[in-house]
1. Given the residues Lys118, Lys125, Lys92, which is the only one that is out of contact with any helix residue (DSSP H, G or I) (no Cβ under 6 Å at 6 or more places or on another chain) and farther than 30 Å from Leu151 by Cα?
2. Kindly provide the set of residues from the range 182-209 that are under 21 Å from Glu164 (Cβ atoms) and of a type in the set (A, V, I, L, M), ordered by number.
3. Out of the residues in the range 1-26 meeting the condition of being aliphatic (A, V, I, L, M) and under 12 Å from the mean Cα position of the chain (by Cα), tell me which one is surrounded by the fewest Cβ atoms within 10 Å (Cβ to Cβ).
4. For a quick check of your reading: which strands (runs of 3 or more DSSP E) sit entirely within the range 141-219 and have at least 3 residues that are surrounded by 15 or more Cβ atoms within 10 Å (Cβ to Cβ)?
5. Check Asn107, Asn81 and return the single one that is among the polar types (S, T, N, Q), in contact with a Ser or Thr (Cβ under 7 Å, 6 or more places away or on another chain) and more than 16 Å from Leu145 (Cβ to Cβ).
Amino acid sequence: MVRLTSRVRIAELVEPDFFGGFLNQNVVVIERGPNGGLMLVDTGLPELFEQLEARLKSWGFSIEDVSDVVITHWHQDHAGNAERIRREAKAKVYAHELEVLRARKFNVPYEAIAEELKVPLEVVKRTMDRINKVTYEEPKELIRLRGGEDLAGFKVIHVPGHTEGHIALFDGETLIAGDAIRGIRGVYTPPLRLFSQDHERAISSFNRLMSLPYKFLIPFHGEVKTPW
């Protein structure tokens, strides 16, 4: 759990048994969202909801303090708790107009994943079987974005490639990248080819984001880049 600025904090969640290790999920918590409360950027897997609640509680907040939820894209670890938060907190949920927020299976050859990630095939099968069973409630109400909107001082940037309607947020200082940038072990790279809808566009979006004059870079997975 990290506080980056007077308004921006990171609620780091942990997904166990991810291709033989664990994977962090950097849910961004921004004070004074568009509707006055907390604005969350992404929400974590449904199974990690209690972790998110605990992170908020450690700062003196609760789920009911959330007024806005921005979803960068449809994947289960990003949109997984959006509807529950919308319902419990009466929050507004935002997503790009091209993004369909519905859980679905990843039809990726297990052998190709094992080769790219350099992990045993049985580990890939165990992880993918678990991921492909994850479902979530589709948000009943959505505010659709096109890119260019201002959400509490953050500009919405459409960065397609990983998915068609993937978005990032930037306020001139803090860049919230979702999965458009990976930060595993402090190395910043485009999203994995096997899990991208259009990898060439994903690379273009990655380069566009990396060229921005950010002070803080927040990928959803991996290390947050700071000046210190």
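A short reminder: the numbers here are calculations on the coordinates, not readings from a lab. Computed from a prediction, not measured in an experiment: that's the story for all the values here. Glycine gets a Cβ as well: all are built from the backbone with ideal geometry, and neighbour counts include every protein chain shown.
1. Working: Lys125 fails: out of contact with any helix residue (DSSP H, G or I) (no Cβ under 6 Å at 6 or more places or on another chain); Lys92 fails: farther than 30 Å from Leu151 by Cα.
Selected residue: Lys118, the only one of Lys118, Lys125, Lys92 that is out of contact with any helix residue (DSSP H, G or I) (no Cβ under 6 Å at 6 or more places or on another chain) and farther than 30 Å from Leu151 by Cα.
2. Step one: of the range 182-209, the residues under 21 Å from Glu164 (Cβ atoms) are 182, 189-209.
Across the range 182-209, the qualifying residues are Leu192, Leu194, Ala202, Ile203, Leu209.
3. Start the filter on the range 1-26 by keeping residues that are aliphatic (A, V, I, L, M), which leaves 1-2, 4, 8, 10-11, 13-14, 23.
Next, from what is left, pick out any that are under 12 Å from the mean Cα position of the chain (by Cα): 10-11, 13.
Numbers: Ile10: 20, Ala11: 24, Leu13: 23.
Only one residue fits best here, namely Ile10.
4. Values: elements: 143-145, 154-158, 167-170, 174-178, 216-219.
In the range 141-219, the matching strands (runs of 3 or more DSSP E) lie at 154-158, 167-170, 174-178, 216-219.
5. Working: Asn107 fails: in contact with a Ser or Thr (Cβ under 7 Å, 6 or more places away or on another chain).
Criteria check complete, one pass: Asn81.
For (1) among the small types (Gly, Ala, Ser); (2) in contact with a helix residue (DSSP H, G or I) (Cβ under 7 Å, 6 or more places away or on another chain), each residue gets a yes or a no:
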position: Ser62; (1), (2): yes, yes
position: His75; (1), (2): no, no
position: Leu98; (1), (2): no, no
position: Phe106; (1), (2): no, yes
position: Ile143; (1), (2): no, no
position: Asp150; (1), (2): no, no
position: Gly153; (1), (2): yes, no
position: Val159; (1), (2): no, yes
